[in-house]
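The values are calculated or read from the model by the stated rules, or taken from the named source; none is laboratory data. The model shown is predicted, which means the values in this text are computed figures rather than measured ones. Methodologically, a virtual Cβ is constructed for each residue, glycine included, from the backbone with ideal geometry; neighbour enumeration extends over all protein chains shown. Heavy atoms of the whole protein, side chains included, go into the accessibility calculation; ligands, DNA and RNA do not. Shrake-Rupley method; radii C 1.70, N 1.55, O 1.52, S 1.80 Å.
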Amino acid sequence: MTTATRVPADPWPAPTASGPVRAVVRVPGSKSGTNRALILAAAADGVSRLRGALRSRDTLLMAGALRALGVGVDAEPSPGAATGTEWVVRGGLGRGDGGPVAVDCGNAGTVARFTPALAALTRADTRFDGDPQMRARPLTPLLDALRHLGAVIDGDAMPFTIHGQGRVPGGSVTVDASGSSQLISGLLLAAPGYDRGVEVSHVGGRLPSGPYLDMTVTDLRAAGATVETTPAYAGRPPVWRVAPGPLRAHDRAIEPDLNSAAPFLAAAVATGGDVLIPDWPEVTTQPGRMLPALLEQMGARAELTPMGMRVRAGDGLHGLDADLGDVGEAAPVLTALAVLADSPSRLRGIAHLRLHETDRLAALADQLGRLGADITVTEDGLAIRPVPLRGARLDPLADHRLAMTYAVVGLAVPGVAVDDIATTGKTVPEFPAMWAAMLTGPSLVSDVTDQPLAPDNSG
């Protein structure tokens, strides 16, 4: 008997731009916003409608997890929205009869870290598992914290089982969330349903992606929760307190995903072009709000207009020296621009990227190294020295951000081919079509104004 050899699918040939990219690109709803809203709607009593939400692998996995926990979740076209889905959530966790329930987390960190604390409130035995990459992602601090709060759990990593008792006492707990701020968000989102609520203190190294915790707190308050926060001071750790109490069902609009806008804005910078992202929020907790300022440091011009965020290339593409600890999701795309820049870059504060869908630091250095890029992995980030590049076949290692990063490099480097471009469906389901449309102008990319983008007359 012979064993069949797996033949990899043909790679996606990353298009090379024939000139400056000039486009208006509508990006889908925020993954982080959609999944937080789904969790809070599930825990509330009543029906919530989430307009303009993301329908992608990560959010479908979240919806599936919530259905397994007894929540009614349906997806409908989002009325009046150019993109997005309306999720209709009939809240109220199923208490169950103690029978077995299975949750597939795939490679979605928000599903793996947000749903266990909810599962502890049911009366079911819920088994959690996911893709091979997920089994290597940090979950033990979350599971230890849940045990401390009164949950009954078998296992310290995937696969693990939560034996729901119908209630969780709650109380105070310390968590080392230096691997991911999602570990704290997962506790806070379920905390209103715990008998005494939850008080969480962070201990350990630097807390990455702090703005995502601001998003969690804002969303909890919008759902009616009472939340107090105490920042770190005088050597004391930051603390978050969520009081017990009911959450209210409510309708909300989900913002565009500013992280998913990154490759499209980078396309303007990489090609000397001009890109507009409609509906960019004036005020937001999304960390992606920091991206335009970072692009400006690399020589671009960024402006929030009444139509949206507009980024135009400047006189050149320059290296970047920045701490990206709060905006690590942008680091891969900024690395793409850094290898095309005219001076060295140093990206710092992103050691936690080693614990994402893959070790992003090692993967960026290795895979872009196939193009000839000079990238050194440092203790907390990457050092990049621009050198001439050549085409090569690149593997995103099932990481959506890496696949999009390689597409950006391919705009300026002929011959880049990307394996498994479908992995972008984790957050941008139509990415290959949107990317092609950005370059050629089909309906997926359309002008939202009655006139073309104006030229830069700033001198």
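The figures follow:
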item: Filter pass, Arg137 being in a loop (DSSP other than H, G, I, E, B), of a type in the set (D, E, K, R) and open to solvent by less than 40 Å² (accessible area, probe 1.4 Å); result: yes
item: Matching residues in the stretch 402-430 - criterion: being open to solvent by 10 Å² or more (accessible area, probe 1.4 Å) and closer than 17 Å to Glu329 by Cα; result: Thr423, Gly425, Lys426
item: Checklist (1) among the polar types (S, T, N, Q); (2) open to solvent by 40 Å² or more (accessible area, probe 1.4 Å); (3) modelled with pLDDT of 95 or more applied to Thr115, failing item; result: (2)
item: Test for Ala225: is it buried (at least 17 other Cβ atoms within 10 Å of the Cβ), hydrophobic (A, V, I, L, M, F, W, C), in contact (Cβ under 8 Å) with a residue 24 or more places away in the chain and part of a loop (DSSP other than H, G, I, E, B); result: yes
item: Matching residues in the stretch 358-383 - criterion: being closer than 22 Å to Ala177 by Cα, open to solvent by 10 Å² or more (accessible area, probe 1.4 Å) and in contact with a helix residue (DSSP H, G or I) (Cβ under 8 Å, 6 or more places away or on another chain); result: Thr358, Asp359, Ala362, Glu379, Asp380
item: Residue ranges of strands (runs of 3 or more DSSP E) in the stretch 13-89 with at least 1 members more than 24 Å from Leu276 (Cβ to Cβ) and either open to solvent by 10 Å² or more (accessible area, probe 1.4 Å) or in contact (Cβ under 8 Å) with a residue 60 or more places away in the chain (or both); result: 47-53, 72-77
item: Number of positions in the stretch 188-222 that are out of contact with any Phe, Trp or Tyr (no Cβ under 9 Å at 6 or more places or on another chain) and outside any helix (DSSP H, G or I); result: 11
item: The stretch 230-250: number of residues that are assigned to a loop (DSSP other than H, G, I, E, B) and more than 30 Å from Gly92 (Cβ to Cβ); result: 6
item: Ala433 being of a type in the set (Gly, Ala, Ser), part of a helix (DSSP H, G or I) and open to solvent by 10 Å² or more (accessible area, probe 1.4 Å); result: yes
item: Gly235 being open to solvent by 30 Å² or more (accessible area, probe 1.4 Å), at pLDDT 95 or above and not basic (Lys, Arg); result: no
item: Number of the exception - Asp315 against (1) closer than 28 Å to Ala37 by Cβ; (2) surrounded by fewer than 19 Cβ atoms within 10 Å (Cβ to Cβ); (3) at pLDDT below 95; result: (1)
item: Inter-residue pairs, beta-carbon under 6 Å, first within 16 Å of Val416 (Cα to Cα) and at pLDDT 95 or above and in the stretch 362-379, second surrounded by 24 or more Cβ atoms within 10 Å (Cβ to Cβ) and of a type in the set (S, T, N, Q), 6+ apart; result: Leu364/Thr335
item: Unique match (being over 24 Å from the mean Cα position of the chain (by Cα) and not hydrophobic (A, V, I, L, M, F, W, C)) among Gly210, Gly197; result: Gly197
item: Every residue from the stretch 331-359 that is assigned to a helix (DSSP H, G or I) and modelled with pLDDT of 95 or more; result: Ala331, Pro332, Val333, Leu334, Thr335, Ala336, Leu337, Ala338, Val339, Leu340
item: Candidate set: the stretch 155-187, residues that are part of a strand (DSSP E or B) and out of contact with any Ser or Thr (no Cβ under 7 Å at 6 or more places or on another chain); chosen: the one most open to solvent (accessible area, probe 1.4 Å); result: Ser172
item: Arg206 being open to solvent by 60 Å² or more (accessible area, probe 1.4 Å), free of Cβ contacts under 8 Å to residues at least 12 places away in the same chain, farther than 15 Å from Thr285 by Cα and not aliphatic (A, V, I, L, M); result: no
item: Residues being touching a residue at least 40 places away in the same chain (Cβ under 8 Å), part of a strand (DSSP E or B) and not β-branched (Val, Ile, Thr) - total across the stretch 297-322; result: 5
item: Unmet requirement for Leu394, which otherwise passes all of (1) in contact with a Phe, Trp or Tyr (Cβ under 6 Å, 6 or more places away or on another chain); (2) surrounded by fewer than 22 Cβ atoms within 10 Å (Cβ to Cβ); result: (2)
item: Test: Val445 is of a type outside the set (D, E, K, R), modelled with pLDDT of 95 or more, in a loop (DSSP other than H, G, I, E, B) and open to solvent by 10 Å² or more (accessible area, probe 1.4 Å); result: no
item: Residue check, Val242 open to solvent by less than 30 Å² (accessible area, probe 1.4 Å) and touching a residue at least 24 places away in the same chain (Cβ under 8 Å); result: yes
item: Residue match in the stretch 346-357 (condition: more than 26 Å from Arg137 (Cα to Cα) and surrounded by fewer than 22 Cβ atoms within 10 Å (Cβ to Cβ)); result: no
item: Number of positions in the stretch 251-296 that are open to solvent by less than 50 Å² (accessible area, probe 1.4 Å) and part of a loop (DSSP other than H, G, I, E, B); result: 9
